[in-house]
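> I have a structure I would like to understand better, so I am pasting it below and will then ask my questions one at a time.
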Amino acid sequence: MSDGESKTRSITVKKLTRVEGEGGLDVRLRNGAIESVRLSIYEAPRFFEAFLRGRPIDDVPDITARICGICPIAYQMTSVHAIENALKIKITPLIRKLRRLLYCAEWIESHVLHIYMLNAPDFFHVDSGIELAKQFPEEVERGLRMKQIGNRILEVLGGRAIHPVNVRVGGFYRLPARDALLRLLPDLQWGLEASLATARWVAGFDFPVFDEPVELVALQHPEEYPMNEGHIASNRRQTIKVDDYESHFTESQVAHSTALHSTLDGDSNSYFLGPLARLTHNHNVLFPPARRLFDECGADWSLHNRFSSILARSIEVVHAFAEAIDSVRDYRPDATPCVAYSLCDGDGVAATEAPRGLIFHRYHVTREGEVAESKIVPPTSQNQRQIESDLCRYLPGLLGHEDSEIARQCEKLIRTYDPCISCSTHFLTLNWERIEG
Amino acid sequence: MSSVPSAIVIGIGSDHGDDRVGWIVSDAVEKLCDGAIKCLKVKTPIDLIEWLDAADQVHLVDATAGVESEVRRLRYGCEEQRKLIAKLPPNGTHGFGVHRALELAESLDRRTDHVHLWLVSGSSFRPFTSLSQSACSAIDRCVQLLVDELRIH
């Protein structure tokens, strides 16, 4: 090739593996420097928001639960809380606690699957949970059993493990019998010990360090580790009421992805949701076993190091089991699975903490009890910008490696976010373009 | 006499279009067998691992596109058929399809040679779509074949 002409080399990685769903990543380098990084998430454009229009509000929990196969509870909880806010419904403390128990189950299932099957393999340079199981069969068995326990809680409280059907606006369709929950206790107690063992195992991993400063955003609550309630906290700005979400968070279209990018307070910088953010703002209200574990980890671990996300998830699993035990022991069903309410025109918003981070819903409901308009903002699309930003900063240190190794390292970084790209998503390819000259 | 049940049926699927097939077949078989056969439903193949020791025969039912006939039965214990199963698209979450889940089970010294995979032809897997006409027909065929098989054993 003659002087002055550009050389372009394309490298394609067939699949970004071990993430939920699929996604695409394009990296362009010019003369050895990163020119652009674009993460492509192909979101069925607002399909569900359109689908909800005109639907009875009673259908909303069931419909939104189908948006994500891994996080149905996150979508259900956010939707019912938003609609309840629109209708000024106050749920009872019992309903509130049971909903948290449901969320504990989902965190257990989602986090454990990610820890063992998706993320832990990266720390042992193996390509899958299958190979990890050959090295660590007891640990993987432990993980599978922990996930099963999460399933059991969902089955008892949610109505079915495969798809929760018991959640409704105002509460639940039925309350489980006390015995049904108490029967879970031995497994939950086993699960607590197993989650502690998991966290200690994970804490011993050799963590790469990538701890570039980042804005960490999560719900914060003065009295409890946030799931369904709280205000929005950031390590870089004043707290934001959930009611004011749309005054601060803006979604915008980008050419390379149909999933919208989110920014905060007009700031062109990205922000980061998820377990590291939650722990940053709420570690003081973890249940005691999890709090002790957090303190054990000490100052050595950085809540900014993206690769520590697996440890953050492990700590949250401990919290989830501890809180589940507490909830089950305290459970005394009363006669009120659901509070009565009247229909009216109204607007309501809610934000909850899905396993992957803050999720926001807004609904306008009519006095006929239908959804007139909705808005759903999942955590992964909010994190998209941050992933791109992180890759831009992470890549320069890798450029001396072979292209396949660079691609592998990028995948590892992306996996730390546990992106749930199937809440949207389509294809995946990692494309490199090197332009020289 | 073995205390382990002779068979278990596990429907794999989701609420989306023809992906419901596995669940519908599981429900139908349970009804036709009057509860004599344990039938259950999972949404992710990884969840079937805990049931592999539950019976002498494990029948998995899943919908997939590209099946030549309405219903195809493959046995994981047969080397050639296992290769076919390995080629199926990993429709499970996180790319963990049936084959990967069974490979994981083997890594954990679980038995898998007793697993039969009943593939039912599906064409539409989009969210909030109904079952396709062809899937409805295939479901009936699969239920009949599976019940006949269960009654023989």
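The values are calculated or read from the model by the stated rules, or taken from the named source; none is laboratory data. Every value quoted in this text rests on a predicted model; they were computed, and no experiment measured them. Note: ideal-geometry Cβ built from the backbone for every residue, glycine included; neighbour counts use all protein chains shown. These accessible areas exclude ligands, DNA and RNA; they are computed on the full protein's heavy atoms, side chains included. Shrake-Rupley method; radii C 1.70, N 1.55, O 1.52, S 1.80 Å.
> Regarding A:I359, is this residue surrounded by 24 or more Cβ atoms within 10 Å (Cβ to Cβ), farther than 30 Å from A:R183 by Cα and in contact (Cβ under 8 Å) with a residue 60 or more places away in the chain? Let's see the steps before the verdict.
Numbers: surrounded by 24 or more Cβ atoms within 10 Å (Cβ to Cβ): yes; farther than 30 Å from A:R183 by Cα: yes; in contact (Cβ under 8 Å) with a residue 60 or more places away in the chain: yes.
So A:I359 fits the description; yes.
> Hey, A:P176 hits all of (1) open to solvent by 10 Å² or more (accessible area, probe 1.4 Å); (2) modelled with pLDDT of 95 or more; (3) in a loop (DSSP other than H, G, I, E, B); (4) not hydrophobic (A, V, I, L, M, F, W, C) but one; which does it fall short on?
With (1) open to solvent by 10 Å² or more (accessible area, probe 1.4 Å); (2) modelled with pLDDT of 95 or more; (3) in a loop (DSSP other than H, G, I, E, B); (4) not hydrophobic (A, V, I, L, M, F, W, C) applied to A:P176, the lone miss is (1).
> Can you go through A:R237, A:R183 and tell me which one is out of contact with any helix residue (DSSP H, G or I) (no Cβ under 7 Å at 6 or more places or on another chain) and over 25 Å from A:A290 (Cα atoms)? Quick ask: steps written out before the conclusion?
Values: A:R183 fails: over 25 Å from A:A290 (Cα atoms).
Every option except A:R237 fails the conditions.
> Answer yes if at least one residue in region B:96-105 is within 13 Å of chain A (Cβ to nearest Cβ), buried (at least 17 other Cβ atoms within 10 Å of the Cβ), without any contact (Cβ under 8 Å) to a residue 12 or more places away in the chain and not polar (S, T, N, Q), and no otherwise.
yes
Rundown of residues vs (1) open to solvent by 20 Å² or more (accessible area, probe 1.4 Å); (2) away from chain B (no Cβ under 14 Å); (3) polar (S, T, N, Q), yes/no style:
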{"residue": "A:A82", "(1), (2), (3)": "no, yes, no"}
{"residue": "A:I95", "(1), (2), (3)": "no, yes, no"}
{"residue": "A:W107", "(1), (2), (3)": "no, yes, no"}
{"residue": "A:L118", "(1), (2), (3)": "no, no, no"}
{"residue": "A:D122", "(1), (2), (3)": "no, no, no"}
{"residue": "A:S128", "(1), (2), (3)": "no, no, yes"}
{"residue": "A:E131", "(1), (2), (3)": "yes, no, no"}
{"residue": "A:Q135", "(1), (2), (3)": "yes, no, yes"}
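> Can you report the number of residues in region A:143-169 which are touching a helix residue (DSSP H, G or I) at 6+ places or on another chain (Cβ under 7 Å) and more than 12 Å from chain B (Cβ to nearest Cβ)?
8
> How many of the residues in region A:152-170 are closer than 14 Å to A:C71 by Cβ and surrounded by fewer than 20 Cβ atoms within 10 Å (Cβ to Cβ)?
Qualifying residue count for the region: 1.
> When you scan region A:149-167, how many residues do you find that are touching a residue at least 24 places away in the same chain (Cβ under 8 Å) and either aromatic (F, W, Y) or part of a helix (DSSP H, G or I) (or both)?
First, pick out the residues of region A:149-167 that are touching a residue at least 24 places away in the same chain (Cβ under 8 Å): A:149-154, A:156-158, A:163-165, A:167.
Restricting the remaining residues to those that are either aromatic (F, W, Y) or part of a helix (DSSP H, G or I) (or both) gives A:149-154, A:156-158.
So the count comes out to 9.
> Scan the strands (runs of 3 or more DSSP E) fully inside region B:2-82 and keep the ones with 1 or more residues being crowded, with 17+ Cβ neighbours inside 10 Å, away from chain A (no Cβ under 14 Å) and among the aromatic types (F, W, Y).
Values: elements: B:7-12, B:38-42, B:57-64, B:71-75.
Once the strands (runs of 3 or more DSSP E) in region B:2-82 are filtered for at least 1 residues that are crowded, with 17+ Cβ neighbours inside 10 Å, away from chain A (no Cβ under 14 Å) and among the aromatic types (F, W, Y), nothing remains.
> For region A:217-310, which helices (runs of 4 or more DSSP H) that fit wholly inside it have 1 or more residues that are of a type in the set (S, T, Y) and in contact (Cβ under 8 Å) with a residue 40 or more places away in the chain? Before the answer, list the steps.
Details: elements: A:245-248, A:275-282, A:288-297.
Once the helices (runs of 4 or more DSSP H) in region A:217-310 are filtered for at least 1 residues that are of a type in the set (S, T, Y) and in contact (Cβ under 8 Å) with a residue 40 or more places away in the chain, what remains is A:245-248, A:275-282.
> Here's something else I'd like to know. Which members of region A:179-202 meet the condition of being buried (at least 21 other Cβ atoms within 10 Å of the Cβ) and more than 30 Å from A:S308 (Cα to Cα)?
A:L181, A:L184
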